[in-house]
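Notes to accompany the following structure.
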Amino acid sequence: MQTQCNQESFEFHPLTKREVRARFDGGAITSDAGGLLLREVEKRTGILAQFAACFTDRRDPERIEHTVKELVAQRVYALALGYEDLNDHDQLRHDPLLAVLAEKEDPTGESRARERDQGKALAGKSTLNRLELTGETVSEEERYKKIVMDQEAVDRVWVEVFVQAHREPPKEIVLDLDATDDPVHGNQEGRFFHGYYGHYCYLPLYIFCGDFLLCARLRPSNIDASAGAVEELQRIVGQIRQAWPQVKITLRGDSGFCREELMGWCETQRVDYVLGLAKNERLKAQIAPELEQAAAEYTATGKPARRFREFLYQTRESWSRARRVVAKAEHLEKGSNPRFVVSSLSPQAWEARALYEDLYCARGEMENRIKEQLSLFADRTSTAFLRSNQTRLYFSSVAYLLVEALRRLGLAGTELARAQCDMLRLKLLKIGAQIRVTVRRVWIWLAEGYAYAQLFAQVYAQLRALPLRR
């Protein structure tokens with residue numbers, strides 16, 4: 001398609017008999033009007049407010065333009081709406097819709113802005129960058145990086161949001177643990193090569209309960225997958241039991257977490273577990289008859305066959321005691337496929353097949369939650385320092401909590417009730433709209449051709465029916 005353009009005007013190939021021209025002077029127009037739903041979610045959950053309260057602002061109040069709450073809201077909403085880079089904010093700071101979401105006093109940037117910021121309601125990339133790069137402490141001589149994040153307070157917020165989301169204490173919850181790779185972007189602090197993943201990366205630890213994110217800990221990759229898991233669980237389980245003393249807790253993870261320290265801690269803390277167990281020759285010998293039976297059935301039917309067996313097992317050195325192991329003896333087109341899990345749950349509570357197929361295999365859903373973190377740019381950990389990359393991971397985590405709350409509170413009973421974050425962004429948040437700011441109101445006219453207008457109205461109504469957070 002032939003075009004003629006300069007910095008401001010574009011002329012496209014004619015459409016039938018009409019000329020097609022485009023310019024960047026259409027006024028205040030946004031492509032993110034669906035973000036208003038996220039604002040309604042925040043009004044009813046207070047997720048951003050609780051996160052912002054974890055920062056201590058040591059700046060001179062007389063010399064600041066953007067409050068901590070505004071900075072945090074600007075960054076998180078932008079991530080939820082698909083803007084991963086700080087550089088994006090040099091243009092986004094002009095967007096009156098994002099200013100409305102961040103609750104800036106004047107979306108036009110005129111009333112409070114100094115002459116140098118005239119017409120720019122929100123913060124630019126440099127201000128947001130300083131928010132990320134502030135150290136654990138701030139000295140008196142520090143001129144710029146003065147907003148300190150309390151990591152322990154942030155960790156507590158994740159669990160508090162989880163507890164607040166339940167009107168009644170659940171009888172039982174399952175905590176899922178998993179580690180994943182987060183490729184590094186150069187010679188960064190904590191940079192190590194990981195043999196399994198085959199590249200230089202971080203090894204973040206995630207802990208979920210269903211769709212709720214309870215922990216997102218950025219770690220170097222020169223460690224065992226389970227490193228630090230017990231410390232995280234001590235904190236999370238202790239906080240949960242403060243709110244729900246009677247709740248039954250089960251821990252679930254793959255073989256990377258099958259460690260004596262973790263299992264021993266669970267056994268002393270009344271926490272059940274079901275963990276993958278790496279296969280070895282001793283384990284395979286225990287189920288040799290079942291493997292032969294599965295192979296014979298596959299030969300006869302041509303269909304995958306499996307058998308289950310359970311037994312007590314103890315390693316020769318690493319385990320302190322014998323534990324219940326459930327084995328799956330399976331034969332597929334590619335051959336034998338034995339699998340093992342170890343669990344503290346009794347046969348009366350969970351028989352062997354159900355323990356493996358219904359309880360353990362359900363941990364695969366957690367992998368979808370980790371994928372959602374990536375759609376919210378949790379892998380954009382490209383600063384030089386581990387602490388600031390952890391801060392970025394926190395921002396992405398808050399964006400996830402906000403979008404998950406939208407799904408849970410606003411989308412229940414709709415066609416998108418189980419949609420992932422990137423699909424929600426595409427169908428529900430990316431809406432074209434025209435904006436006009438007057439003295440008393442901000443007018444937003446959404447696109448007439450928006451395909452999901454009826455769904456938007458339904459979600460908005462469901463959110464508005466919920467009580468505001470006090």
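The values are calculated or read from the model by the stated rules, or taken from the named source; none is laboratory data. Note that this is a predicted model, so its numbers are computed, not measured. Don't worry about glycine lacking a Cβ; one is built from the backbone with ideal geometry, like all the others, and counts go over all protein chains shown. To get the accessible areas, we keep the full protein, side chains included, count just its heavy atoms, and leave off ligands, DNA and RNA. Shrake-Rupley method; radii C 1.70, N 1.55, O 1.52, S 1.80 Å.
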Out of everything in the range 51-93 that is among the basic types (K, R) and not in a loop (DSSP other than H, G, I, E, B), what residue ends up being modelled with the lowest pLDDT? R63
Which members of the range 208-224 meet the condition of being open to solvent by less than 30 Å² (accessible area, probe 1.4 Å) and either within 29 Å of Q188 (Cα to Cα) or without any contact (Cβ under 8 Å) to a residue 12 or more places away in the chain (or both)? F208, L213, L214, C215, A216, L218, R219, S221
Counting residues that are charged (D, E, K, R), which strands (runs of 3 or more DSSP E) fully inside the range 150-255 reach at least 2? 172-179, 248-253
Could you check the range 97-108 and list, in sequence order, the residues that are surrounded by fewer than 21 Cβ atoms within 10 Å (Cβ to Cβ) and more than 16 Å from L402 (Cβ to Cβ)? E105, D106, T108
Within the range 329-353, residues being assigned to a strand (DSSP E or B), free of Cβ contacts under 8 Å to residues at least 60 places away in the same chain and within 32 Å of the chain's Cα centre (by Cα) number 0
Yes or no: the range 400-412 includes at least one residue that is touching a helix residue (DSSP H, G or I) at 6+ places or on another chain (Cβ under 8 Å) and farther than 19 Å from L38 by Cα. no
Could you please let me know if C266 is over 27 Å from Q420 (Cα atoms) and touching a strand residue (DSSP E or B) at 6+ places or on another chain (Cβ under 7 Å)? yes
When every residue in the range 363-416 that is assigned to a helix (DSSP H, G or I) and among the hydroxyl-bearing types (S, T, Y) is compared, the one most open to solvent (accessible area, probe 1.4 Å) is S375
Looking at Y298, Y360, Y356 in this structure, which one is in a helix (DSSP H, G or I), surrounded by 14 or more Cβ atoms within 10 Å (Cβ to Cβ), in contact (Cβ under 8 Å) with a residue 12 or more places away in the chain and more than 36 Å from the chain's Cα centre (by Cα)? Y298
Considering only the range 109-149, state which residues are at pLDDT below 80, open to solvent by less than 50 Å² (accessible area, probe 1.4 Å) and assigned to a loop (DSSP other than H, G, I, E, B). G109, A113, G119
Conditions first: (1) surrounded by 14 or more Cβ atoms within 10 Å (Cβ to Cβ); (2) among the acidic types (D, E); (3) more than 17 Å from V174 (Cβ to Cβ). D254 passes all but one, so which condition is the exception? (3)
